[in-house]
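First comes the structure, then the notes that go with it.
The values are calculated or read from the model by the stated rules, or taken from the named source; none is laboratory data. Predicted, not measured: the structure shown is a model, and the values here were computed from it. Cβ placement follows ideal geometry from the backbone for every residue including glycine, while neighbour counts extend to all protein chains displayed.
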Amino acid sequence: MPRPPKERRICMQPRSRRFHSETGVENESILLNLDELETIRLLDLVGLSQEAAGDQMQVGRATVQRIYEEARRKIADALIYGKSIEIENERRSRPRDEDLIDLDETTEDVVKSITKLCVPLSGDDIHPRFGLASHLKIFEIRDRTIVSSTVIEAPLHQHGELPGIVARLGVDAVIVHTLGQIGIDRFNQFNVSIYSGLKGNADEAVQEVLSGKVRPNARASGHCLHTSKRKRD
């Protein structure tokens, strides 16, 4: 018996389904499926790494890379040869609107709401795995400015408990490199904004967030649209 198709997690519905070329051959177009559009959004717009995008879509990094390369090839074909671009019209169950990432919420509005931000540490850098970090750096924020920062030992915890512990410290935003689905769901439960896919110096990453260069990118969880795996996987 063949294995059931693996689903991919899609957290955006496109506002437009067709982009028309005025100079292209009539009726000639390329079709982007929702998986391909999601990789373009996560990698090119949000700025996630392929590994972090894979965590978000619940697939492996190699799968993300293949989908992304195919999406870029299609877009290049349309731009070079003047073809229209159509977005797949997903006919399976849709997520509720309130569970999708809000693309209309401005980055400035999101940043202004941050009062306490947490970063898992590996030395002075962001730890690659939030739940495995031995120390956390807590930043007190006021009017998009760091007021103070404190490094604490990560409390002892069972798997999946750390987001709740951090939230009870008053944290309303976290910066992570990668975060599993349980962590995403737990932070969503406590209304903690997640800035994922960041790496390098922790202080510099906080400044990037406060300057509005990045925005929360792992908010939607269980009700995101899921699409079946393609035959090539």
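Working only within region 185-203, note down all residues that are touching a residue at least 40 places away in the same chain (Cβ under 8 Å) and either hydrophobic (A, V, I, L, M, F, W, C) or over 21 Å from GLY60 (Cβ atoms) (or both).
Passing the criteria: SER193, LEU198, GLY200, ASN201, ALA202, ASP203.
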Among the residues of region 157-176, the number that are touching a helix residue (DSSP H, G or I) at 6+ places or on another chain (Cβ under 7 Å), assigned to a loop (DSSP other than H, G, I, E, B) and modelled with pLDDT of 85 or more is 1
Exactly one of VAL64, VAL59 is crowded, with 18+ Cβ neighbours inside 10 Å and in a loop (DSSP other than H, G, I, E, B), and that one is VAL59
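Does any residue of region 86-101 turn out to be at pLDDT 85 or above and closer than 24 Å to ILE30 by Cα? Full working, then the answer.
Filtering region 86-101 for residues at pLDDT 85 or above gives 86-87.
Right, trim to closer than 24 Å to ILE30 by Cα and you get 86-87.
Within region 86-101, one or more residues are at pLDDT 85 or above and closer than 24 Å to ILE30 by Cα.
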The one condition ARG15 fails out of (1) farther than 24 Å from PRO128 by Cβ; (2) assigned to a loop (DSSP other than H, G, I, E, B); (3) at pLDDT 80 or above is (3)
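Sort out which residues of region 140-165 are within 16 Å of PRO216 (Cβ to Cβ) and touching a residue at least 40 places away in the same chain (Cβ under 8 Å), and write them in order of number.
As a first pass, look at region 140-165 and keep what is within 16 Å of PRO216 (Cβ to Cβ): 141, 144, 163.
Result: ILE141, ARG144.
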Considering region 140-156, residues that are part of a loop (DSSP other than H, G, I, E, B) and not small (Gly, Ala, Ser), and then whichever is nearest to GLU204 (Cα to Cα), we arrive at ARG144
